[in-house]
2 protein chains.
Amino acid sequence: MERNGRDQELIIQRMFELTKRAMPKFERCTGISQSRLEILRELFVSEEITQRELQKKVNIDHAAVTRHLKQLEESGMVIRRKNPDDNRFTYVQLTDEGKQRVAAYCEEKQRFISSVLNDFSEEEKSALLDLLTRLQKNIEEM
Amino acid sequence: MERNGRDQELIIQRMFELTKRAMPKFERCTGISQSRLEILRELFVSEEITQRELQKKVNIDHAAVTRHLKQLEESGMVIRRKNPDDNRFTYVQLTDEGKQRVAAYCEEKQRFISSVLNDFSEEEKSALLDLLTRLQKNIEEM
DNA sequence: GGTCAATTATTGACACGTCAACTAATATAA
DNA sequence: TTATATTAGTTGACGTGTCAATAATTGACC
């Protein structure tokens, strides 16, 4: 029982630690932060989307989304415009240059992930995905 | 091949997302941040330890460790003193009150973790731990 | 002994996240 | 129609992480 408890703890510990270490490496390899790339990818597939919708998709705080978009707009990857029918909403979309750059970032990300999972068999990968998915469900239900 | 790439990405995506969602819940449940508790737990088992050692154990940046300790000292959980033989080093240890509070925090953490892993069998838990450990090794070797 | 290198700890600048307070626009209900 | 509630987005305060620069101390070599 005691042993059991420690092992459980190790799992969560390891996952947190793993994420903590992977994040900076990921950012160095791809040249962009995980969160920002998530936003950009969502914009890539959504064509034009409301900030609110975007926020729900990527599950980051409104405030953070606003700030990311402001910077992305300054750097020319994104344009925003108000919804003429309801001025509370603002639509966001990628510029052409933005699209190209997102595609490049995604390729980098693919490379990174492939290299991290290179020695995992298909069975192991799907087992891992399953376990993580269940874990996520448990966490969300708390 | 294409499908393969997407699945791989899902694994990493899920893990990042999972961690991102779990962190705040963990902190609300236990009343302390994951990182700070890691520091405290290390102090708990190490009795008296150098900041440098501590930093290596918990794998957080020096700067962050310094700031955590400063706050912990102010709140009376920790005391620091310079090594008289080498003034560059400072030893850190928990106060008695600190020890009690760490123990309480750890119990909370156990409760949290048990509830997150409650429907996992022993086999599943050890499989998950294995997979995560391998993943971690790959990430560290990059 | 004096200079230079290495090591520890601290601090500042910055990135990113949360929450709470605020503004502006719209919907709803008296 | 006017007052109230709701909603989207922005901003500020704050916590925590990184990296880079700095201060203080010690060790090593001339």
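Considering only residues that are in a helix (DSSP H, G or I) and surrounded by 13 or more Cβ atoms within 10 Å (Cβ to Cβ), look in the stretch A:67-81 and name the one that is farthest from DNA strand C (Cβ to nearest atom).
Checking each candidate, the answer is A:73.
Looking only at the stretch A:28-49, filter to residues that are of a type outside the set (A, V, I, L, M), away from DNA strand C (no atom under 11 Å from the Cβ) and open to solvent by less than 40 Å² (accessible area, probe 1.4 Å); which one of those is nearest to the chain's Cα centre (by Cα)?
Per the stated criteria, the residue is A:42.
When you scan the stretch B:50-62, do you find a residue that is modelled with pLDDT under 95, more than 13 Å from DNA strand C (Cβ to nearest atom) and of a type outside the set (A, V, I, L, M, F, W, C), even just one?
Yes, the conditions are met somewhere in the stretch B:50-62.
I'd like to verify a number: residues in the stretch A:108-119 that are surrounded by fewer than 18 Cβ atoms within 10 Å (Cβ to Cβ) and either assigned to a loop (DSSP other than H, G, I, E, B) or in contact with a His (Cβ under 6 Å, 6 or more places away or on another chain) (or both), how many?
So the count comes out to 2.
Quick test for you: out of B:91, B:105, pick the one residue that is surrounded by 15 or more Cβ atoms within 10 Å (Cβ to Cβ), touching an Asp or Glu at 6+ places or on another chain (Cβ under 6 Å) and more than 7 Å from every other protein chain (Cβ to nearest Cβ).
B:91
I'm told residue A:7 meets every condition in (1) out of contact with any Phe, Trp or Tyr (no Cβ under 8 Å at 6 or more places or on another chain); (2) open to solvent by 50 Å² or more (accessible area, probe 1.4 Å); (3) more than 30 Å from residue A:86 (Cβ to Cβ); (4) within 13 Å of DNA strand C (Cβ to nearest atom) except one. Can you identify the failing condition by its number?
So the condition that residue A:7 fails would be (4).
Got a number for residues in the stretch B:120-142 being more than 7 Å from every other protein chain (Cβ to nearest Cβ), open to solvent by 50 Å² or more (accessible area, probe 1.4 Å) and either touching a residue at least 24 places away in the same chain (Cβ under 8 Å) or not in a helix (DSSP H, G or I) (or both)?
Adding up the residues that qualify gives 1.
Take residue B:20 and decide whether it is on the phi < 0 side of the Ramachandran plot and either modelled with pLDDT under 90 or near DNA strand D (Cβ under 8 Å from one of its atoms) (or both).
When the stated conditions are applied, residue B:20 passes them.
The values are calculated or read from the model by the stated rules, or taken from the named source; none is laboratory data. Note that the coordinates shown come from a computational prediction; the quantities given were computed from them, not determined experimentally. A quick note on method: Cβ atoms are made from the backbone with ideal geometry, for glycine too, and the neighbour counts reach across all protein chains shown. Just the protein is used for accessible areas: all its heavy atoms, side chains included, with ligands, DNA and RNA removed. Shrake-Rupley method; radii C 1.70, N 1.55, O 1.52, S 1.80 Å.
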